[in-house]
Each structure stands twice: as C-alpha cells, then as structure tokens.
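**Student:** First, the structure itself, so that you have it in front of you.
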Amino acid sequence: EAGVAQSPRYKIIEKRQSVAFWCNPISGHATLYWYQQILGQGPKLLIQFQNNGVVDDSQLPKDRFSAERLKGVDSTLKIQPAKLEDSAVYLCASSPGQGATTEAFFGQGTRLTVV
Amino acid sequence: AQKVTQAQTEISVVEKEDVTLDCVYETRDTTYYLFWYKQPPSGELVFLIRRNSFDEQNEISGRYSWNFQKSTSSFNFTITASQVVDSAVYFCALSAYNQGGKLIFGQGTELSVKP
C-alpha cells in the first residue's frame, strides 16, 4: 500500500513570495491533516479535512495560509505572502476515519526555507 | 487546555543500554488517546502505539514497552537493549475523543544511540 505522498520535498523562497505544497493521502482515507513543524518543536495542526469539508482550521493563519481538498482526495496548502517565521516542515497526514480511534499516517513532509 | 510535556530534549546512550523516554500530559477530558511516534532523519512520523484512557495495562512489543499511569498523567516509553537504528526523535502525543483526531504533540526527545 502506498503511503502519504508529498511534494516538493524541499523549497526555498524569498519572503513575500508565494508557495504551494501538495499532498496525496493514502487511498480511501477520509481524513486529511496538515501540520506545521518548526525546528526543535513538535508538529502543530494547521487544518483538518473530513472528505472535502474543513473540520478544524482554528490554528491556520488565514490572512496568509489557505488550503483546499478537491474531491475529497488530494490537498494543496498555500502560503501567500511568506514570512521568515514560516520556515518549517509541513507534514501531511491521513487516517481512514475521524477521531483518534485510528492512527494517522504521515508523509515525509516538505521542508520550507524562507530567506 | 491540553498539553504534552517531554522534559528530556536529548538523550545519548551506548548501544545495548536501556533507555526511558518520559511523557507527561494534561487534559480535562475523561476520554482521550495517547500516542508515541518516531521521527527518523528521513522526516516522516512513524506510528508506534496508541492507548486509550481506560486501558492502563502496560504494553510490550519486542524491545519496546510503555507504562501508562493515569495517577501521574504519564505515558513513558522504554527501549530495552537499544540499537543504533533506534536513533531518532520520539514524540508523545495526546488526542481527546471529541477532537476529531487532532494530535497535540510534545516537544520531542532526540535519542542518540552510539555504537
């Protein structure tokens, strides 16, 4: 079974530029998460989708971050404009159900450096 | 509020030593789940274990064992006879039953096992 796929693996941009990350979850997984992991810290949830609806985006900086999950499958996370403090690893995860009764499977992440 | 604390930032051991990673959590929910994830240098988070708040039985899986104590709000992880391949960052995480699977992570403990 293929895991969670993310691209690109690495991205370097200048501040005020825009960037987009892509995630393809495990086939059949209804729930998709985007986490931000700043160096030396644990991941922090940015947004959670159930199929193509948003369940939780309370920690998403909506003035610059946006995310969508078209047709309940792939998802894209966008940052526009980027700030230096957005430098982090962006992890996508998926799980077959909603809730903590099933574990989430994580991708390898996209490492973003904003200079 | 929910919180996970991993007080040990870095641990270094020599191969074959036993090592325990500490995790203390805070939550007001009566139903919750606790997790341990491993993050190797490749970046993805690898699921190790999930326990629910009603099951305080200790668990052993090969060289790994987990000690869950609700009285002290702790969920510690022990690796017996550590190996170089165990070198990674380990995260403890908490998810409340009504949070839709959202994980609250600790800061992580970087384990280095030297030959």
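The values are calculated or read from the model by the stated rules, or taken from the named source; none is laboratory data. Small disclaimer: the values here were computed from a predicted structure and weren't measured. Cβ placement follows ideal geometry from the backbone for every residue including glycine, while neighbour counts extend to all protein chains displayed. Each accessible area value is taken on the protein alone, full model and side chains, heavy atoms only, with ligands, DNA and RNA left out. Shrake-Rupley method; radii C 1.70, N 1.55, O 1.52, S 1.80 Å.
**Student:** At a cut-off of 50 Å², which residues of the stretch B:76-115 become less accessible once all protein chains are present than in their chain alone, using a 1.4 Å probe?
**Tutor:** B:Gly100, B:Lys102, B:Phe105, B:Gln107
**Student:** What three numbers, in Å, describe the spread of the alpha carbons of the protein assembly as shown along their principal axes, ordered from the longest?
**Tutor:** 47, 39, 35
**Student:** Taking Rh as the Kirkwood radius computed over C-alpha pairs, what is the Stokes-Einstein D of chain B at 4 °C in a medium of viscosity 1.567 mPa s, expressed in µm² per second? Intermediate results must be reported in sequence, preceding the final value.
**Tutor:** Details: Rh = 14.3 Å.
Result for D is 91 µm²/s.
**Student:** Still on this structure, I have one more. Please compute, over every Cα-Cα pair in chain A, the percentage with a separation greater than 26 angstrom.
**Tutor:** Considering chain A, 13 percent of its Cα-Cα pairs are separated by more than 26 Å.
**Student:** Longest segment of chain A with no GluC sites (Glu not before Pro) in a DSSP loop having at most 16 other Cβ atoms within 10 Å?
**Tutor:** A:15-115
**Student:** I would also like to ask the following. Out of the stretch B:16-115, which chymotrypsin sites (Phe, Trp or Tyr not before Pro) are coil in DSSP terms and have no more than 15 other C-beta atoms within 10 Å? Write out the running numbers ahead of the final one.
**Tutor:** Values: sites: B:Tyr25, B:Tyr32, B:Tyr33, B:Phe35, B:Trp36, B:Tyr37, B:Phe47, B:Phe54, B:Tyr64, B:Trp66, B:Phe68, B:Phe75, B:Phe77, B:Tyr90, B:Phe91, B:Tyr97, B:Phe105; in loops: B:Phe54.
Here the sparse-neighbourhood loop sites are B:Phe54.
**Student:** Follow-up. Calculate, for the protein assembly as shown, the solvent-accessible area per residue in square angstrom, rolling a 1.4 angstrom probe over the heavy atoms of the protein chains. Before the final figure, lay out the partial values.
**Tutor:** Values: 11120 Å² over 230 residues.
Using a 1.4 Å probe on heavy atoms only, each residue of the protein assembly as shown averages 48 Å².
**Student:** Residues of the stretch B:29-59 losing 10 Å² or more of accessible area relative to the isolated chain, 1.4 Å probe, heavy atoms only?
**Tutor:** Residues of the stretch B:29-59 that lose at least 10 Å² of accessible area once the other chains are added: B:Tyr33, B:Phe35, B:Tyr37, B:Gln39, B:Ser42, B:Gly43, B:Glu44, B:Leu45, B:Phe47, B:Arg50.
**Student:** Which trypsin sites (Lys or Arg not before Pro) from the stretch B:1-96 combine a DSSP loop assignment with at most 10 other Cβ atoms within 10 Å?
**Tutor:** On the way: sites: B:Lys3, B:Lys16, B:Arg28, B:Lys38, B:Arg50, B:Arg51, B:Arg63, B:Lys70; in loops: B:Lys16, B:Arg28, B:Arg63.
When the trypsin sites (Lys or Arg not before Pro) of the stretch B:1-96 are filtered for loop state and at most 10 Cβ neighbours within 10 Å, B:Arg28 remain.
**Student:** Still on this structure, I have one more. Taking all protein chains as present, what is the carbon and sulfur share of the accessible area of the protein assembly as shown, in % to the nearest whole number, probe 1.4 Å?
**Tutor:** 48 percent
**Student:** If one computes the Cα centroid of the stretch B:38-62 and of the stretch A:3-25, what distance in Å separates the two points?
**Tutor:** For the stretch B:38-62 versus the stretch A:3-25, the Cα centre distance is 28 Å.
**Student:** I've got another one for you. Give a quick list of trypsin sites (Lys or Arg not before Pro) in the stretch A:14-100 that DSSP marks as loop, anything other than H, G, I, E or B, with at most 12 other Cβ atoms within 10 Å.
**Tutor:** Those satisfying the criteria are A:Arg16, A:Lys62, A:Lys83.
**Student:** Under the 0.36 nm per residue contour assumption, what length would be gained going from the current alpha-carbon distance of A:Glu14 and A:Thr113 to full extension? Kindly include the intermediate steps, with their values, before the conclusion.
**Tutor:** Working: separation 99, 0.36 × 99 = 35.64 nm, distance 0.83 nm.
Full extension of this stretch gives 34.8 nm more.
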